[in-house]
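Beneath this line is the structure, given in C-alpha cells, with notes to follow.
The values are calculated or read from the model by the stated rules, or taken from the named source; none is laboratory data. Values in this document were obtained by computation on a predicted structure and should not be read as measured data. Cβ placement follows ideal geometry from the backbone for every residue including glycine, while neighbour counts extend to all protein chains displayed. To get the accessible areas, we keep the full protein, side chains included, count just its heavy atoms, and leave off ligands, DNA and RNA. Shrake-Rupley method; radii C 1.70, N 1.55, O 1.52, S 1.80 Å.
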Amino acid sequence: MTTFWQGDLATTIAVAGRVSDPATRSPHLSAWLGGCAANAPVSSNVGWGELPFQRWMKFKEAFSPKFVVDALASMPRPVRRCADPFGGSGTTALTCAFLGIEAVTIEVNPFLADLIDAKLNPPSAFELAGDFSGVLAEARSGDFDIEVLRRRLPSTFIEPIRSVEPGAVLRFVYWREALDRILTLRMAVERCANERSRRLLRILLGSTLVEASNVLVNGKGRRYRKGWERRRVGSGDVDRLFGDAVRRAARDLGAFGAQSLAPATILRGDSRLLAAELGPIDAAILSPPYPNSFDYTDVYNLELWTLGYLDDAAANRRLRLATLRSHVQVHFEDPTLRPSGRLEETFDRLVQARSHLWDPRLPEMVLGYFQDMDCVLQALHRQLSEGGRVVMVVGDSRYAGIHVDVAAILRERAEASGFAMISATPIRSMRSSAQHGGAHELPETCIVLERD
C-alpha cells in the first residue's frame, strides 16, 4: 500500500496548492518547496539542510517540509490551524506559514525557540545587511568586558592560560582568540536595536559555533576533532563563518520575502504544561523526542552556553527537567503512571533486567516517557476539532536486548485517551546503539490518529 509521504516531489508541490490558503499563502511557496531534495528520507533532515530558511542552522532531528505538506494533503478535511508541540527547528510551523495555514508550536529549548521565531518573523534582507554592518562596527569599538562572560562558561570551553606538563594533552572546546571574538560579537549583537535582526543574528552566530570549535557534535554528545590541536581557529575565521552565514540568510530573505508568511504562535516552555494552551486546532504534525536516552538539550550545549541562554548549572538543570523524560541525564520525579498492556509487559522486563542495564533508572525513564506522552496526547485530543488528526513520527528503542515498541505502546495509550487509530506504518529503520551492534533494526513509524 502506498503511504501518503511516498509520492514524488512534483506531486507534493502540486498538492501544496490545493491544501494551502490562496488568500494567505506565500507567493514563493512552489519555489521554496522546489528546493527540497527529491530522494532524501522524509523523516530526517538529512538531504534537506540546504533549503532556504532551514539552512540557517544545521538540525538533524527533523522531518522534511515535504512530509508536512503530504500529511496535510492526507487529511479528510481542510486544515486551517495546525499544531506541533515539539517545535524543534520549526519545520511544521514554517511549512504551514508558507502554505498560509496558521500554526502554533511549542519549544522548550530557548535557542531553538529563537530559531523558530527567526524563521517565522525575520527582518528584510535590507534590514539584516544594515544591522550586520552595525554589529561589526560595534564590535570594533572594543567597549566590551568579556571576562564576565568567560567566567559563566564551563571551564572546558576555553583554552587555559596555564601551561601543562610536557606531553600532557589538556582538551578544550575553543581557542581563546576564537572564543573572545565570539563573545565580542555576541555582545555587539545584543546591542542591535532591531529585535528581528538581533534575534536572527544571534541564531546565525550560533550556527558557526561548532565549526569554530575543536569538537564535533553527534549523537549523545561531542567528541574532539582528529588533529584539533593543529587546527587553530582565530578571530578571522570566526568573522568569515559569521559573514558567510549572514550572507546566506540575506539571500534567502531577498528571494523569498520577509513579510510573506502566515502568522504563527510560538509557546516557549515545557510541552507537558503548554500543550493545554494550544487552542482549537484541526491537526497536529509532530515528532516527539524518542525514549533513546538522548538529552536533546546536550546536543545544543555549545549554543546554549556560549550565547548566554544558560549561565549556571542550576539553569541547565531547570531546562533538562522541563524536557520529556526521554533520558537519564538528570534525576526526574518518579513516574506515577500505572502501566498496563504492552507498556506493563515492557516495564516489567526492564525491571527484571535492571542489573544488566547501563543505567538502573532506565525502566522509570521509559515509564515516565509514556506518562509524559499521555499528557500531551490528552491535551491534543481536547483541542482537536471533531475528525481532526494527529500525524506523529516516533522511534523505537532497545535496552539490554529488550525492545521498547514505542509505536505499539503509543497506539494503546492513544486509544485509551479517546483517539481512533487510522494507521501505524514504518517509515525507515534506524541504527541501534553500538552496544547492540549498530545495525539498522529499530523502526521509525508514522502514527495517524483521529479524534472521534
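Annotations for the structure displayed:
- Fully extended contour minus Cα-Cα distance, from D348 to R382, at 0.36 nm per residue: 9.1 nm
- In terms of the mean number of neighbouring beta-carbon atoms within 10 Å, the peptides 308-318, 332-342, 358-368 order highest first as 358-368, 308-318, 332-342.
- Candidates S197, Y224, A212 compared by Cα position along the dipole of the range 182-251: farthest toward the positive end lies Y224, with charges placed on Cβ.
- Electrostatic bookkeeping for E386 treats Lys and Arg as +1 and Asp and Glu as -1; over the other residues with beta carbon under 9 Å from its beta carbon, the sum is 0.
- Taking all Cα pairs closer than 8 Å and separated by 6 or more residues, the relative contact order of the range 80-200 comes to 25 percent.
- At the residue level, F294 shows approximately 50 square angstrom of accessible surface with a 1.4 angstrom probe and all protein chains present.
- Extension gain for the segment T425 to E277, taken as residue separation times 0.36 nm less the Cα-Cα distance, is 50.3 nm to one decimal.
- Electrostatic dipole magnitude of the range 277-426 [Cβ: Lys, Arg +1; Asp, Glu -1; Cα centre; debye, to 20]: 220 debye
- Across the range 359-375, the residues whose backbone nitrogen lies under 18 Å from the label position 7 Å along the beta-carbon direction of R338 are 367-368, 370-372, 374-375.
- Global form of the chain, assessed from the alpha-carbon gyration tensor, a/c cut-off 1.5: oblate
- Within a straight-line Cα-Cα reach of under 13 Å, K66 can be paired with the following aspartates and glutamates, leaving aside sequence neighbours fewer than 8 residues apart in one chain: D8.
- Computed over protein heavy atoms with a 1.4 Å probe, the carbon and sulfur contribution to the accessible area of the chain reaches 50%.
- Entry comment: accessible area of the chain is 42 Å² per residue, from protein heavy atoms only and a probe of 1.4 Å.
- Mean residue ellipticity, 222 nm, helices only, the chain: the sum of -39500 (n - 2.57) across DSSP H runs of n ≥ 4, divided by residue count and rounded to 500, is -12000 deg cm²/dmol.
- For K226, the lysines whose Cα comes closer than 26 Å to its Cα, not counting residues fewer than 8 places off in the same chain, are K58, K60.
- Accessible area (Å², 1.4 Å probe, nearest 10) - R272: 40 Å²
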